[in-house]
Structure formats: structure tokens, C-alpha cells
Amino acid sequence: MGAPRAHDHLLPRVSYHVPVRGDPCITPLAKALEGIPGGEEAQALLVLLPLGDAPLPKTITASLDALAKAHGDSLPKEAFPTLLDHAWDCAPLMRKLAARKEAPPEVLDRLAQHPEPTVRALVAFHPKAHPETLTVLYRDPTVPWWVLRGLVRNPNTPREVLEAIARAKWGREITERARVRLDATPGGNP
């Protein structure tokens, strides 16, 4: 989107009609973008990309990238809760948000409760996830075993979680990585 021009304030704010593709993502994402400063270009992409039959993940990525570009290559902090509130049921969008390096820890706390395992796995890998959130993920009986890969790699995973993973023998790779992390910092938090 570029720098504002002298007369931009005179232009009406455009609200795009986004075509519904029978998908729970596009319309809620467009609605969320209406309330985020600099979201106009990102909203326009939601209209244009589906017309060319762009796959949904590509459309979401392009839209988030346009929003980030309007804010110095980083999503604005206020965009995260707005997107969560409007598009929680859009798992592809939630995966993209969980993978963003600038995702605030509070947002990761909420994403750790998302019903889709891939979203929770991305939170387990995220270096900004709170230790308490990582503990909750470990104790969740619905979390698939591969979320443990993120927990053993995350520098914020509490020692007691790593000890439990090492004792549970979840598989050689996961158990060994947990043991290596524990051995690297005896007595302290890895």
C-alpha cells in the first residue's frame, strides 16, 4: 500500500464485497480486515485471488502478507485478536497466525485451545509460547503425539514437562531430544 498521499483522507473507505466460496474462511476474514487499519489492500486480495481460483491457503497468505506490508512487514498487534474473534473457525487462518513470529503470547494462549491439532502443534513449536501454555498442551489428552516434537524443541517448555516426556517413552527421537535438553541444564530449566 505505500505512504499516504496528501488527499487520501478525502477518499471514502472502501468496503469490498467478498464472494462466498462455500468456505468458512473468506467472509469472516474479510469482515475482520474491515476493522484493522491498513486492511484495505488485504481485503481486496480476498476478492481478486478467489476469482482466479487461487487455493485458500495461498489467498490467506497473500492477504496476511499485504496487511503486514501495510504495517512494516509485521502484522499489527491488534490484528491478532480481531482475526481470532471473527475467524476462529477458519483453521487455515489460525495455522497461519500460530506460525507468525510476531504472534503475541496471549494469542498463542488462545490458539493452544483451538480444536485443530495442527494449530496446537504450531503453538508448541512457537518460541513465544508461555511455559504454562506448553504445560497445558502436554496435559491435553486430545493432543496428538506429534505435538510433543514441538514441546521438546521449545526453549520455554518447563523442565517437569520434559521429564515427563522422557519417562513416557514416546518414541526414540522425542525421548532422546527431551533427555538431551534435560542433560544440558541439570537442575535448572532447559
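Points 7 angstrom from Cα along the Cβ direction at D73 and R167: gap in nanometres?
Here the answer is 4.6 nm between the modelled labels.
Can you pull the semi-axes for the stretch 49-190, root of five times each eigenvalue of the Cα gyration tensor, sorted largest first, whole Å?
They are 32, 16, 13 Å, listed from largest to smallest.
How do 106-119, 168-181 rank on mean C-beta neighbours within 10 Å, highest first? Show your work: numbers first, answer last.
Details: 106-119: 18.4, 168-181: 15.6.
Per-residue mean Cβ counts within 10 Å order the peptides as 106-119, 168-181.
Express in nm, to one decimal, how much length is gained between F125 and E102 on full extension, taking 0.36 nm for each residue of separation and deducting their alpha carbon distance.
Details: separation 23, 0.36 × 23 = 8.28 nm, distance 1.37 nm.
Extending this stretch completely gives an extra 6.9 nm.
For K31, K96, what ranking results if the residue with the fewest other Cβ atoms within 10 Å of its Cβ goes first?
Arranged by neighbour count, lowest to highest, K31, K96 become K31, K96.
Every number here is computed from the coordinates shown, using simple stated rules; none is lab data. Not measured: the values here are computed from a predicted model. Every residue, glycine as well, gets a Cβ built from its backbone with ideal geometry; the counts of neighbours run over all protein chains shown.
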